[in-house]
Amino acid sequence: MMPRRWDLAPWQEFRVLLALLLLPDIQCVLGQVPSISTYPAPIVVPSSESWDGNDGAWSTFAFQIGTTPQTVKLLPSTASYETWAIAPEGCQPGDPSNCHTLRGELYNYNTSTTWNPNLANTSTQVYPLELEVPLGYTGKGRYGFDDITFGYIGGGGLLVKNQSIAGIATKNYFMGLFGLTPRSKNFTSFNNPIPSFMQSLQSQSKIPSLSWSYTAGNQYRLGNSLGSLVLGGYDSSRFVMNNLSFGLDVDTQLAVGLQAITTGTGQSLLPSPITAINLDSTLPYIYLPTEACTQFESVFGLTWNDTAELYLLTDSQHSGLRSQNPSITFKLGTPPDTVDITLPYAAFDLNASWPLVSSTTPYFPLRRAVNNTYVLGRTFFQEAYVIADYESKSFSISQCKWDKPLSQNIVTIFPPNSTNSTGSAGAATASHGLPTATIAGICVGGIAIIVISLVLLYLLHFRPRRRNTPAPAADQIQVLKAEMGDTSVAPPVLCEAEGTKLTPMVEIGDGGRSIYELPAREVPASEISSVNEPREIIARRNHVFYNG
């Protein structure tokens, strides 16, 4: 008996080939595009829609802490990795009666049923505040863990449980802070780090990537432009895109070279470039070398007040600067890769109040650098949009734009290893992610090309093969076979016809002789023995006829 042949018919080969060729596009449609939807959406942190602070009017953001929730207003800190809220001890009996309002409301951990003290050190829950230490800032906070929710009560904001938080009383940091740096904190000498809020969001898959974007907003544009804080994405409607990016290390602050500071009339305010200046929204001030501060004093008529440690303005100075309305441009980066961020005088037109001064006084937010630490503070963020992507280790700085109205357009920052990555978040590198519609279009286009190729393959290869396949000969006909029976032979013995005189059975198309069958008229058949049978009978019983 001949072995069974497994050759595929042309139409079967065509189907197999079609499946193999379409596999990449099937993966594109079912794999790559839906993979984007597996990432959570960016978190747009809700604005408090109010302006707070004792060193200017700043757009704060609303959070709820504890159970029952207590609403507080916090300022983003690009340098911090902790969450701070003002504790009841932050307002003393001798303070103004509205102290709690001025400081963004208080968080009383003793009334929260979900508060758990930090017991890393069994002897205390109070630890130093390790922020802005080179600039001379100090303070302490009571650390523990509690639930934090974005936005106001009833707003449906995201709840993140058991997060590290510090209740602070010091007035060096007048407002509570929401740290954006994804860095863990050790409270003991043991290797037991406590993750930051940003790290918790990422580990719980609440944000698409370890990234954020921030601009402080201001009161002088578009009739009060609120600040914007997006975790895991950015708002493309808020800035002018550029192709410049800077390196970022989670263990250091955002720092960039400062090449020049000039006025709108071309006057230089920076005697020599600064290799690295920090972008730090914790404080409002711009810390520059003493020589640069002297240039500012000369150009704008500023006077340093040793008691307040501020450039306080008299009424005449204040009105004069408003009339002049000078602009100041900061050139950042390393030549030739630089970006200009221009601030109008209104960005520097701030008011200081208690406890910095006894009564509200206009001031210019410039300070002399301490310990060679140079900073572009929250004042700078009024006109700058900063995007930081810690997974791609890059950040960007862009000029804010003020198109009216501001139509929010949130763009997701995907991780670098995702199927659709924005690289360093859009403003910084040329590695922008493709939109979902674009990827889908590419997949559809790829399918169209493959379909056309398959049609051509069929016309040029498979169709000629079908035409060239020989038709079976007229004498090669196979009919149904019924075996003859012989009850006289017992037991039945299976045997084959002697091969010396018989032509072997052949398959259709092999060019051999035809095989015919006799009608089945007998009773159920049994094989007969061929021991003494003539060959003619054997041939007849096997239904083989010779034609020549």
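The values are calculated or read from the model by the stated rules, or taken from the named source; none is laboratory data. Note that the coordinates shown come from a computational prediction; the quantities given were computed from them, not determined experimentally. Cβ placement follows ideal geometry from the backbone for every residue including glycine, while neighbour counts extend to all protein chains displayed. For the accessible areas, the whole protein counts, side chains as well, though only heavy atoms, and no ligand, DNA or RNA atoms are used. Shrake-Rupley method; radii C 1.70, N 1.55, O 1.52, S 1.80 Å.
If you go through segment 185-204, how many residues are closer than 22 Å to T38 by Cβ and in a loop (DSSP other than H, G, I, E, B)?
So the answer is 1.
I36 versus (1) open to solvent by less than 60 Å² (accessible area, probe 1.4 Å); (2) at pLDDT 95 or above; (3) touching a helix residue (DSSP H, G or I) at 6+ places or on another chain (Cβ under 9 Å): which is the lone unmet condition?
Failing condition for I36: (2).
Name the single residue that is nearest to the chain's Cα centre (by Cα) among those in segment 268-299 being surrounded by 23 or more Cβ atoms within 10 Å (Cβ to Cβ) and farther than 21 Å from L356 by Cα.
L279
Restricting to segment 330-388, what's the tally of residues that are open to solvent by 10 Å² or more (accessible area, probe 1.4 Å), on the phi > 0 side of the Ramachandran plot and not in a loop (DSSP other than H, G, I, E, B)?
Matching residues across segment 330-388 total 0.
Say we look at segment 205-225 and pick out the residues that are in contact with a helix residue (DSSP H, G or I) (Cβ under 6 Å, 6 or more places away or on another chain) and part of a loop (DSSP other than H, G, I, E, B); which of these is surrounded by the most Cβ atoms within 10 Å (Cβ to Cβ)?
So the residue we want is A216.
Which residue, of G227, G223, G176, is within 23 Å of I410 (Cα to Cα) and touching a strand residue (DSSP E or B) at 6+ places or on another chain (Cβ under 9 Å)?
One residue alone meets the criteria, G227.
Is at least one residue of segment 181-190 at pLDDT 95 or above, open to solvent by less than 20 Å² (accessible area, probe 1.4 Å) and either within 22 Å of the chain's Cα centre (by Cα) or polar (S, T, N, Q) (or both)?
Looking through segment 181-190, at least one residue is at pLDDT 95 or above, open to solvent by less than 20 Å² (accessible area, probe 1.4 Å) and either within 22 Å of the chain's Cα centre (by Cα) or polar (S, T, N, Q) (or both).
Among the residues of segment 136-166, which ones are open to solvent by 30 Å² or more (accessible area, probe 1.4 Å) and either hydrophobic (A, V, I, L, M, F, W, C) or under 15 Å from G104 (Cβ atoms) (or both)?
Result: F145, Y152, I153, L158, L159.
For segment 106-135: of the residues being open to solvent by 60 Å² or more (accessible area, probe 1.4 Å) and of a type outside the set (V, I, T), which is farthest from E82 (Cα to Cα)?
So, considering only residues that are open to solvent by 60 Å² or more (accessible area, probe 1.4 Å) and of a type outside the set (V, I, T), the one farthest from E82 (Cα to Cα) is S123.
So which residues in segment 249-262 are touching a Ser or Thr at 6+ places or on another chain (Cβ under 8 Å), open to solvent by 10 Å² or more (accessible area, probe 1.4 Å) and either at pLDDT 95 or above or at positive phi (or both), if there are any at all?
Q259, A260, T262
Considering only residues that are in a strand (DSSP E or B) and either β-branched (V, I, T) or open to solvent by less than 10 Å² (accessible area, probe 1.4 Å) (or both), which ones fall in segment 308-329?
Scanning segment 308-329 gives L310, Y311, I328, T329.
Based on this model, can you work out whether E105 counts as over 24 Å from V250 (Cα atoms) and part of a helix (DSSP H, G or I)?
Spelling it out, it is not the case that E105 is over 24 Å from V250 (Cα atoms) and part of a helix (DSSP H, G or I).
Among the numbered criteria (1) hydrophobic (A, V, I, L, M, F, W, C); (2) within 29 Å of V230 (Cβ to Cβ); (3) assigned to a loop (DSSP other than H, G, I, E, B), which one does V160 miss?
(3)
Given segment 42-102, what strands (runs of 3 or more DSSP E) lie entirely inside it while holding 1 or more residues that are open to solvent by 10 Å² or more (accessible area, probe 1.4 Å)?
The strands (runs of 3 or more DSSP E) meeting that bar are 47-52, 58-65, 70-77.
Do we have any residue at all in segment 167-177 that's open to solvent by less than 60 Å² (accessible area, probe 1.4 Å), under 29 Å from the mean Cα position of the chain (by Cα) and touching a residue at least 40 places away in the same chain (Cβ under 8 Å)?
yes
Tell me whether segment 212-220 contains one or more residues that are more than 30 Å from P336 (Cα to Cα), at pLDDT 95 or above and of a type outside the set (S, T, N, Q).
yes
This table checks each residue for (1) modelled with pLDDT of 95 or more; (2) touching a Lys or Arg at 6+ places or on another chain (Cβ under 7 Å); (3) buried (at least 17 other Cβ atoms within 10 Å of the Cβ).
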{"position": "P405", "(1), (2), (3)": "no, no, no"}
{"position": "F414", "(1), (2), (3)": "yes, no, yes"}
{"position": "P435", "(1), (2), (3)": "no, no, no"}
{"position": "I439", "(1), (2), (3)": "no, no, yes"}
